[in-house]
Every structure is written in C-alpha cells, then in structure tokens.
Amino acid sequence: MRRAIVLGITAALAGLDVVGCSSHSSHSSSVTIPADATFNAADVAFAQGMIPHHQQAIDMAELVPSRGTSPEVAALAQQIAAAQGPEIATMTSWLQGWDQVVPVDKGMDHSTHDMGAMDGMMSADDMERLGESQGTPFDRMWVEMMIVHHEGALTMAQREVAEGKDPAAVALARAIIDSQSAEIATMRSLLARLPG
C-alpha cells in the first residue's frame with residue numbers, strides 16, 4: 001500500500017521542467033518583491049530551484065525498482081520519493097501565494113534547460129548513463145549520484161537559512177539539511193558495503 005502511494009506521488013509529479021530557474025543569481029535578478037512582503041528573493045530562489053532539484057531526485061528514485069538489486073537502495077529511494085514529493089507541493093503553493101513563477105511541468109524532457117548548472121543536479125548524460133545501467137553497477141552509480149545530488153541540496157538549503165526571510169521556507173531548509181545530511185551518512189555507509 002505504501003509503495004503504491006509513493007509510486008502514485010512520483011508518477012503525478014514526474015517531469016517538472018524549469019522556467020527561468022537555472023541558477024541562484026537568475027532567480028534573484030528576475031524577482032519583484034512587494035515592499036511589505038513576508039518573503040524575499042532568496043526564498044523565491046530556494047523554492048524555484050528546489051522544486052526541479054527534488055523532482056530529479058524522484059526521477060532517480062523511480063529508476064530503482066526496475067534496475068537495482070539492493071533492498072537498502074530500494075528502501076532509500078522510496079524514502080526519498082515519499083519525503084520530497086510533498087515538499088514539492090508545499091513549495092509550489094508558496095510560489096503561487098507569492099505570485100511568483102512556478103517551474104512548469106513539461107514531461108520528462110529537460111533538454112532545453114541547463115539542469116547541470118544547479119547545485120548537485122545530474123546532467124542529461126548522467127541520467128542517461130544511470131538509466132542504461134543495471135544490477136549492482138546501477139546501485140553503486142545511483143548511490144554515488146544521489147550523494148552528490150543531496151550535497152547540492154544542502155548548499156541550496158544552507159543558502160536559504162542564511163539569506164531567507166519567510167519562516168516556513170527557512171524551516172523547510174533546516175529540515176532538508178537535517179534529513180539529507182542523515183541520508184548522505186546512510187548512503188556513504190551503504191556504498192562501502194555494496195560489491196564492486
């Protein structure tokens with residue numbers, strides 16, 4: 001039942017594309033903030049950047065059931081998808097409430113955007129290599145890539161904690177730091193145990 005729910009979330013959220021969100025600086029320079037706003041450009045950049053960042057993690061998690069062999073990798077992928085899907089919905093609602101651009105769902109094609117320019121994002125070539133892998137080599141590649149991906153998320157979240165204004169956004173950033181730091185530690189330990 002839980003797996004079905006997670007797969008439903010990931011299927012519903014699959015394929016977010018980014019509009020005007022390729023870097024931290026591009027967010028800040030294109031954002032108009034009302035004088036009395038309870039949020040700032042850093043909050044907008046955090047949400048606009050973290051949505052496609054989370055979506056790529058979900059895309060990576062969706063590859064695991066058909067390609068991986070490690071039960072631990074499968075459990076971690078399910079955990080990541082279950083956590084990050086609802087966070088995408090939360091950040092989307094913030095951007096809508098702030099009257100800011102929300103990353104647009106255009107399916108799985110990210111070819112027109114430089115996703116690799118964002119902290120920790122895998123390139124299209126990286127994702128293709130991962131998708132073509134199977135078995136233990138897939139498990140190792142997935143964990144290695146997800147560590148880099150999570151490290152990028154930590155950088156983005158730390159920036160939000162330092163620069164953000166919206167209390168809910170800063171709180172989510174702190175939660176991401178806590179949860180993804182723990183997952184990085186888990187993945188490093190798991191990587192040391194995987195064959196190859």
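All of W142, W94 fail the test of being part of a helix (DSSP H, G or I), more than 15 Å from the chain's Cα centre (by Cα) and modelled with pLDDT of 95 or more, apart from W94.
Of all residues in the range 82-103, those satisfying the criterion of being more than 13 Å from P52 (Cα to Cα) and small (G, A, S) are A82, A83, S93, G97. Would you say G85 is touching a Phe, Trp or Tyr at 6+ places or on another chain (Cβ under 6 Å), of a type outside the set (S, T, Y) and at pLDDT 95 or above? For G85, the condition - touching a Phe, Trp or Tyr at 6+ places or on another chain (Cβ under 6 Å), of a type outside the set (S, T, Y) and at pLDDT 95 or above - is not met. Taken over the range 97-120, the residue count meeting the criterion of being outside any loop (DSSP other than H, G, I, E, B) and either under 16 Å from Q56 (Cβ atoms) or modelled with pLDDT under 95 (or both) is 4.
Residues in the range 145-165 that are of a type in the set (A, V, I, L, M, F, W, C) and assigned to a loop (DSSP other than H, G, I, E, B): there are none. Given the structure, is A45 buried (at least 17 other Cβ atoms within 10 Å of the Cβ), under 23 Å from A182 (Cα atoms) and touching a helix residue (DSSP H, G or I) at 6+ places or on another chain (Cβ under 6 Å)? The answer is no for A45. If the condition is being closer than 16 Å to A83 by Cα and either among the basic types (K, R) or without any contact (Cβ under 8 Å) to a residue 12 or more places away in the chain (or both), then the range 156-181 contributes A171, R174, A175, D178.
Among the numbered conditions (1) over 14 Å from the mean Cα position of the chain (by Cα); (2) part of a helix (DSSP H, G or I); (3) surrounded by fewer than 17 Cβ atoms within 10 Å (Cβ to Cβ), the only one that L190 does not meet is (3).
The values are calculated or read from the model by the stated rules, or taken from the named source; none is laboratory data. Predicted model, so just to flag it, every value in this text is computed and none were measured. Every residue, glycine among them, receives a Cβ derived from its backbone with ideal geometry; neighbour counts consider all protein chains shown.
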